[in-house]
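Here's the structure, in structure tokens; my notes come after.
What follows is calculated from the coordinates using simple rules that are stated; it is not laboratory data. The shown structure was predicted, so the numbers you read here are calculated from the model rather than taken from an experiment. For neighbour counting, all protein chains shown are included, and Cβ atoms are generated from backbone atoms with ideal geometry for every residue, glycine included.
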Amino acid sequence: MTQINSEDEKKLVKSVNSLITLLMLVVVTMFALVLWMLFKPTESEISNEQIAEQMAKMDKETQLGSLDNSSDLWTAPSDSEIPSGPAGEEIKYGRDLIARTAEFLGPKGSVAKLTNGMNCQNCHLNAGTAPYGNNYSAVASTYPKFRGRSGTTETIFKRIGDCFERSLNGKAPDSTSKEMKAMAAYIKWLGKDVKKGEKPKGSGLYEVPFLTRAADPVKGKAIYEAKCQSCHQADGAGMMNDKGNAYTYPPLWGKNSYNSGAGLYRMSRFAGYVRANMPLGATYSSPQLTNEEAWDVAAFVNSQDRPNKDLSKDWPDISKKNIDHPFGPYVDPFKESQHKFGPFGEIKAFYDAMKDSKKKG
Ligand code: HEC
Ligand code: HEC
């Protein structure tokens, strides 16, 4: 038997004790670390610094001048590429329907009476071929595509139908109808040279940099009176042609305008459209409105009366709402009025920070 004297025993007990304490400390620290990783700042706890950081990344350009000097903006295929025979006839009919929708499908339409009298082309300029004129260059390449608004994967038919029900505040022709097939055939033909999944430069609408303030309907009214009213009229109702079967100047609000579920009712879509295309004659390469004017006139027009759409089926997952979707509820802490008029930078920054922290976590 070995005899341990009490001094040695005490030392041993002491070092074992400190070893245990050390081990416990390590375990506790690791546990705390794991806890922290699990419950790190989430959605609702994005800090002001994180938001400021994201906002600093955003462009604050406010000047006129070409919106894009690239020489490789998308252009539509030329007419000579339209096949001969029935396929070509279908494409041409589709183009006519998009350019002169009202003649065929408006309140005095020759085929059916389905819409408010606007033409697709009023918003999809030159039959959906104008750079930054809401063109269709990226439709064939990106549809079918999942959209948060419907919570489904949408075909081109469904997407065209959406504009019938919202922008044209009417009914969509059946997906088996000659008209629907022709419009889809034309849109597919337009995008035939765009690779699957790609969005060419100049596709869709120009993204106007955000203002650091809310867009102002009062300033917008003055811009409207000075630069828009001569064509779209003081009451926003536009002006019909002599035959009374189509608009020379389409309405911007009132009973024959796009409804509250339409794309243009979102400030960013309206501002993007007018920044690059209005007053008539403006283009992305020689715009006539500054960023501020585009946002403010959007705020004025989208504060006027227009048809309401029942949106209760939209956005089954509210966390997917566009930041400028003007109707709550939202998963973020910002008010409905800020989602309508801005400032949008901090809302965008909130969602960017949310995505960032999901990625890092
Ligand atoms: C009042 C304006 C307006 C009218 C009229 C209109 N649209 Fe649209 N359309 C929009 C806006 C705004 C968008 C969304 C653009 C965006 O999200 O950037 C859109 C999107 C689309 C898209 C999807 C584009 C893409 O790249 O995802 C298709 C297809 C489309 N419209 C077809 C039509 C057709 C066909 C008609 C006529 C029956 C029509 N639109 C009439 C405003 C309009
Ligand atoms: C010289 C006449 C003219 C002026 C001025 C003008 N527009 Fe337009 N606007 C048109 C025409 C024409 C169209 C339809 C284009 C087409 O079908 O090719 C249109 C289309 C639109 C559309 C899409 C269709 C709709 O009715 O919703 C919007 C939005 C719009 N204009 C806003 C404005 C704003 C904002 C201003 C002022 C900054 C403005 N316009 C100034 C003639 C004009």
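Details
- Look at where the Cα atoms of the stretch 182-232 and of the stretch 296-358 average out, and the two centres are 18 Å apart.
- Principal-axis tilt of helix 291-301 within the chain, Cα atoms, nearest 10 degrees: 70
- Taking 0.36 nm per residue of sequence separation and removing the Cα-Cα distance, the residue 22/residue 75 pair yields an extension gain of 12.1 nm.
- Distant-in-sequence amide H partners of residue 306 (H built 1.01 Å from N, under 5 Å): 254
- Residues 231, 163, sorted so that the one with the fewest Cβ neighbours within 10 Å comes first: 231, 163
- Per-selection Rg to Rh, the stretch 76-208 - Cα, Kirkwood hydrodynamic radius: 0.95
- Ranked list, fewest to most other Cβ atoms within 10 Å of each Cβ, for 152, 129: 152, 129
- The shape of the stretch 318-360 can be summarised by an equivalent ellipsoid whose semi-axes, obtained from the alpha carbon gyration tensor, come to 19, 11, 7 Å from longest to shortest.
- Förster radius 30 Å - calculated FRET efficiency between residue 304 and residue 358, Cβ distance, rounded to 0.05: 0.20
- Cα-based equivalent ellipsoid, the stretch 217-301: semi-axes from gyration tensor eigenvalues, Å: 20, 15, 13
- Taking the C-alpha atoms only, the angle from helix 267-277 to the longest principal axis of the chain is near 50 degrees.
- The C-alpha radius of gyration of the chain, expressed as a fraction of 2.2 N^0.38 Å, stands at 1.37.
- Applied to the stretch 310-321, the Karplus parametrisation 6.51 cos²θ - 1.76 cosθ + 1.60 on θ = phi - 60° returns per-residue 3J(HN,Hα) values of 6, 10, 5, 8, 6, 6, x, 10, 5, 6, 9, 4 Hz, with x for Gly and Pro.
- Relative contact order of the chain, defined on C-alpha pairs under 8 angstrom at six or more residues apart (%): 21
- Relative to the longest principal axis of the Cα atoms of the chain, helix 156-165 runs at roughly 70 degrees.
- Each of 358, 227 was scored by other Cβ atoms within 10 Å of its Cβ. Listed from fewest to most, they are 358, 227.
- Spin-label pair residue 235/residue 201, simplified geometry with 7 Å Cα→Cβ offset, distance in nm: 4.6
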